[in-house]
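The next block holds one structure in the form of structure tokens; read it before the comments.
The values are calculated or read from the model by the stated rules, or taken from the named source; none is laboratory data. It should be emphasised that the depicted structure is a prediction, and the values quoted were computed from it without experimental measurement. All Cβ positions, even for glycine, are placed from backbone atoms using ideal geometry, and neighbour counts span all protein chains on display. What goes into the accessible areas is simple: the full protein's heavy atoms, side chains included, and nothing from ligands, DNA or RNA. Shrake-Rupley method; radii C 1.70, N 1.55, O 1.52, S 1.80 Å.
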Amino acid sequence: ADITPALRPEWHPARRAVIFMRILPRLVRRADGVIAPSEWTKNDLVRAYRVEAERIDVIPHGVGPEFRPRAEGETRAVLVDPEDVEGLASAIRRSLDDASLRRRNIDAGLRRAREFTWKRTAQMTLAAYERRFAACRMPAR
């Protein structure tokens, strides 16, 4: 998730910055817990909204086909649980030792990266937030 509207409001339209600087902090503080899609976003939430890190659970997203980093069948050798030190070391060794695997991963990553322009990524992110906000409208007081 992108919380740059809270971290860099000058990069975004005023309406979006207001949501991230006024509304979202209140929602986050009132919530029993918060789910972030990455450790990076968790750290941003802690920094931007002063949320206790213990209240934030990381549950990676990206299960939609548009977010799959590699074609089916390519991911088993590449994706590693970030807490699995041995698995990560093994994946790094495989990549260093297997030039063919390394080349396939580089080519697949470059092909996939060409599909995501900044504009398309921003549109997809905004659409996801708008769907979520529409589903979670706060009741009037």
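General remarks:
- Some residue of the range 35-54 being within 21 Å of Ala134 (Cα to Cα) and of a type in the set (Lys, Arg): no
- Scanning the range 1-28 for residues that are under 15 Å from the mean Cα position of the chain (by Cα) and either within 15 Å of Phe133 (Cβ to Cβ) or at pLDDT 85 or above (or both) yields a count of 4.
- Residues of the range 79-112 classified as farther than 19 Å from Trp40 by Cβ and of a type in the set (Asp, Glu), total: 4
Here's the yes/no breakdown for (1) open to solvent by 100 Å² or more (accessible area, probe 1.4 Å); (2) touching a Lys or Arg at 6+ places or on another chain (Cβ under 7 Å); (3) modelled with pLDDT of 80 or more:
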position: Arg30; (1), (2), (3): yes, no, yes
position: Val34; (1), (2), (3): no, yes, yes
position: Arg50; (1), (2), (3): yes, no, yes
position: Val58; (1), (2), (3): no, yes, no
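- The number of residues in the range 90-123 that are charged (D, E, K, R), open to solvent by 60 Å² or more (accessible area, probe 1.4 Å) and closer than 30 Å to Pro13 by Cα comes to 4.
- Residue, farthest from Leu24 (Cα to Cα), within the range 36-47, restricted to residues that are surrounded by fewer than 19 Cβ atoms within 10 Å (Cβ to Cβ) and among the hydrophobic types (A, V, I, L, M, F, W, C): Trp40
- Set Gly62, Gly73: member being open to solvent by less than 50 Å² (accessible area, probe 1.4 Å) and either at pLDDT below 80 or assigned to a loop (DSSP other than H, G, I, E, B) (or both): Gly62
- Residue pairs whose Cβ atoms lie under 6 Å apart, sitting 6 or more positions apart in sequence or on different chains, and linking a residue in the range 86-112 that is at pLDDT below 80 and hydrophobic (A, V, I, L, M, F, W, C) to a partner that is open to solvent by 60 Å² or more (accessible area, probe 1.4 Å) and part of a helix (DSSP H, G or I), do not occur here.
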